[in-house]
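Below: one structure, written as structure tokens.
The values are calculated or read from the model by the stated rules, or taken from the named source; none is laboratory data. Quantities reported herein were computed from a predicted structural model and do not represent experimental measurements. Cβ: placed from backbone, ideal geometry, glycine included. Neighbour counts: every protein chain shown.
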């Protein structure tokens, strides 16, 4: 029943807010490597050792959680063209529509390992699910209210082993504590639209899951968070 609900939910948004991904250009290069992951290129000025695979454009109505769906479209396309690295070349949006242009590459295991070592570290990033200008974006950090621009992200540079409590109310929650050792991967949260929604949406390694009745910031996996980091600049 749970998976049926997820399917209906995804179908509803696909029909109401259609998204499109198109290949702008594609390399003739082929390889036999089975692509299992997709990483953001942390140093976009260093692509000389990478094999260009394709340039794609994702476009459609920009409406709250659909950015999660954009990321899933990108992952699916990366598998079909054999890419395991990417970076966002351009972001465009107006009142109703948005688009992102993405360049995708392929590389071997050694570069993947080195790229992962450059992952964003020791920071907490907060995104607002609703990016409308008239929305109120806020959360509580260690019981202190923080307001920010809903179209941007809020960044917290952490200190080693200091406790950071991220909540939607001024009540501390032990489940929302974060303490970073030195050189720990950054953490990404997205604030649910309306702050008290009973149907919040989060993206996990296996796709989109519906989380019922959790009035708290939604923690995202690193890969989705890194994607949103470029969208919410």
Those residues of segment 92-140 which are more than 30 Å from residue 172 (Cα to Cα), within 20 Å of the chain's Cα centre (by Cα) and modelled with pLDDT of 90 or more amount to 100, 101, 102, 103, 104, 105, 112, 115, 116, 117, 118
Taking segment 77-87 and the residues there that are touching a strand residue (DSSP E or B) at 6+ places or on another chain (Cβ under 8 Å), closer than 16 Å to residue 23 by Cβ and not in a loop (DSSP other than H, G, I, E, B), the one that is modelled with the highest pLDDT would be 86
